[in-house]
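This report refers to the structure that appears directly beneath it.
The values are calculated or read from the model by the stated rules, or taken from the named source; none is laboratory data. Since we're looking at a predicted model, the values are computed, not measured. Quick reminder, even Gly has a Cβ in these numbers, built from the backbone with ideal geometry, and neighbours come from all protein chains shown. Areas reflect the complete protein model, heavy atoms only, side chains present, ligands, DNA and RNA absent. Shrake-Rupley method; radii C 1.70, N 1.55, O 1.52, S 1.80 Å.
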Amino acid sequence: MKKVLSLTTFIFFILNISIFAFGAETDILDSGYCGAEGDGTNLEWILTRDNVLTISGKGAMQDYTYNPTTSTVNYPWMWKQAMHLIIEDGVTNVGDYAFYDNYYLRGSIVLPDSIETIGEAAFYNCTGITSLTLPKNLIKIKDYAFYFCKNLQGALSIPYGTKEIGYCAFASCKKLSGDLVIPDTVKKIDISAFVYCEGFKGNLVLSEGVTEIGRSAFSGCGFTGNLIIPNNVKKIGEEAFKDCSGFSGDLYLPKGIEVINDETFSGCSNLKGILVIPDTVTSIGYRAFSGCNFKKDLIIPNSVESIGEYAFAGWTRFNGIIMLPKNITVIEKGTFYNVNVDKVHIPKNVTKICSDAFSGIYGASNVYFEGNSPNVINADKSNSSFYKYTKVYYPFGNNSWVIENDKWNGYTAIAYKLEKDILGDVNKDGKINVLDANLIRRYAAKLIEFDDEQIIVADVNGDEKINVLDANLIRRYAAKLVDKFPV
């Protein structure tokens, strides 16, 4: 009897083990290898019936390729409805195109700290992903890595140690929010890396390690607060900050920038303070600052040799003075179109002023020329160089100016000359006050340059030097502590 019971118990035990083993086996829907080392067995993938894809092992993952003919990628879980992804610690990269256009994938993606590289288009158009945790040891985010993950939400934390953020890496991730901090270890932010990430409503913090900002890198983003560009940045691409209408306050461009490219800051309509352009800049591109709303003096350094069409157009709230570089020869079409400015001084080297350069309903009111009569578009033309009611002031005694009935090319023309009674009027606004003193201080600190006329009127103490002594004397004059200058 005992033998019969023992045999029955044994059979029951074996049967239970078999059933358990069979159940575990049938829980696996599909599996295989996806490693890039040796025969590829260093990494294994398993897809279970609950739609969880797990990748485990040690080392690198295989890179996959996109077939433009079929619009598909050859990764083995392509059509297997993997809805949840687990990549275990030990995997060192996410392969190129590994989850490209995988619309089944959803929820949170938590990448283990062992991962150093996220491959090209690895999560391209994975619209079901809602949150992302990047690994602490990340070095490289390749091109298109998270392109158009449009439902990716919350803050994005770029780990310290990351060196590359590739082309369109996070482009059109519209629901990312909060601040974005670019760590010191990132040297270059590639083309369109964060373009159209309109959900960012916090601050953009660019660390001192950044030296290059690619074309359209942050175009269309929703950042607020001040835009602070580190001093080490040497190159900013076209449209880098285009239509970032949330940035506010002043804008100080880093010394070392040589070219301000086309539309770099176009449409940054909430920038309403001061624009400071360093004297390393040699050219300013097409619509570089159009649609901004800077209000205070615009001083373009003498290092600038060319200014593109519509570069400063649409500054309707501007209420300062404009100082142009002395070496410029042509003022291009629409350069200051619709800029609300009372007084502009045209350097003596200017020979041509193109259509709409200073026109528009907010166009320049008074324009002072320092040299010979340039070529302009007549006031009677629809694309005239100046607003039709602009008053033009030309140098007294300069015979290149042809005046008929107090008109020059249809504009009211008035002769003027440099006289003793405008000594101290450095900004040429007809007044002598602290604004003139501040300009002298900036000149003495080598932040700006003066034209020939300004050098004459700034030396109010007659010592043939321009320094804080002149600035202090003008302040005393403005405060009515003195009633004249000692020259």
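Scanning region 225-261 for residues that are open to solvent by 70 Å² or more (accessible area, probe 1.4 Å) and among the basic types (K, R), we see that the one that is farthest from D184 (Cα to Cα) is K255.
Restricting attention to region 94-111 and to residues that are open to solvent by 20 Å² or more (accessible area, probe 1.4 Å) and either of a type in the set (S, T, N, Q) or out of contact with any His (no Cβ under 8 Å at 6 or more places or on another chain) (or both), the residue that is modelled with the lowest pLDDT turns out to be Y103.
Condition check: among the aliphatic types (A, V, I, L, M) and either more than 22 Å from N203 (Cα to Cα) or surrounded by fewer than 17 Cβ atoms within 10 Å (Cβ to Cβ) (or both). Does L271 satisfy that? Taking the combined requirement at face value, the residue does not satisfy it. Has region 321-329 got any residue that is of a type in the set (S, T, Y) and modelled with pLDDT of 95 or more? Within region 321-329 (the criterion being of a type in the set (S, T, Y) and modelled with pLDDT of 95 or more), the answer is yes, since at least one residue qualifies. Of the residues making up region 248-267, those that are over 12 Å from A217 (Cβ atoms), of a type outside the set (G, A, S) and without any contact (Cβ under 8 Å) to a residue 40 or more places away in the chain are D250, Y252, L253, P254, K255, I257, E258, V259, I260, E263, F265.
If you go through region 163-185 one residue at a time, do you hit one that is more than 14 Å from the chain's Cα centre (by Cα) and of a type in the set (F, W, Y)? Looking for residues that are more than 14 Å from the chain's Cα centre (by Cα) and of a type in the set (F, W, Y), one finds at least one in region 163-185, hence yes. Filtering region 355-376 to residues that are open to solvent by 20 Å² or more (accessible area, probe 1.4 Å) and either hydrophobic (A, V, I, L, M, F, W, C) or under 28 Å from the mean Cα position of the chain (by Cα) (or both) leaves D356, I361, Y362, V376. Exactly one residue out of Y411, Y387, Y443 is in contact with a Ser or Thr (Cβ under 6 Å, 6 or more places away or on another chain), crowded, with 19+ Cβ neighbours inside 10 Å, of a type in the set (F, W, Y) and modelled with pLDDT of 90 or more: that is Y411. Taking the condition of a type outside the set (A, V, I, L, M), under 26 Å from N125 (Cβ atoms), part of a loop (DSSP other than H, G, I, E, B) and open to solvent by 30 Å² or more (accessible area, probe 1.4 Å), does T70 pass? Here the answer is yes, as T70 does meet what is asked. Within region 464-482, residues that are more than 19 Å from R442 (Cβ to Cβ) sit with their Cβ atoms under 7 Å from residues that are open to solvent by 70 Å² or more (accessible area, probe 1.4 Å), at 6+ positions apart or across chains, in these pairs: V482/R476.
Contact map, region 393-405: first residue at negative phi, second residue open to solvent by 50 Å² or more (accessible area, probe 1.4 Å) and assigned to a loop (DSSP other than H, G, I, E, B), Cβ cut-off under 6 Å, separation 6 or more or different chains; pairs are F396/K417; S400/N372.
Pairs meeting the criteria (first residue in region 101-113 and free of Cβ contacts under 8 Å to residues at least 60 places away in the same chain, second residue open to solvent by 50 Å² or more (accessible area, probe 1.4 Å) and part of a loop (DSSP other than H, G, I, E, B), beta carbons under 7 Å, at least 6 apart or on different chains) are D101/Y124; Y104/Q81; P112/E88; D113/K136; D113/N137.
Look at region 424-440: where a residue is closer than 18 Å to L481 by Cβ and a partner is acidic (D, E) and not in a helix (DSSP H, G or I), sitting 6+ places away or on another chain with Cβ atoms under 7 Å, you get K431/D425; I432/D425; D436/D425.
Checked against (1) open to solvent by less than 10 Å² (accessible area, probe 1.4 Å); (2) more than 21 Å from E239 (Cβ to Cβ); (3) not β-branched (V, I, T), F289 passes all but a single condition, namely (2).
For A121, the criteria (1) open to solvent by 20 Å² or more (accessible area, probe 1.4 Å); (2) farther than 21 Å from I236 by Cβ hold in every case but one, which is (1).
Within region 268-294, the set of residues being over 20 Å from I321 (Cα atoms), among the small types (G, A, S) and either in a loop (DSSP other than H, G, I, E, B) or in contact (Cβ under 8 Å) with a residue 40 or more places away in the chain (or both) comprises just one member, G285.
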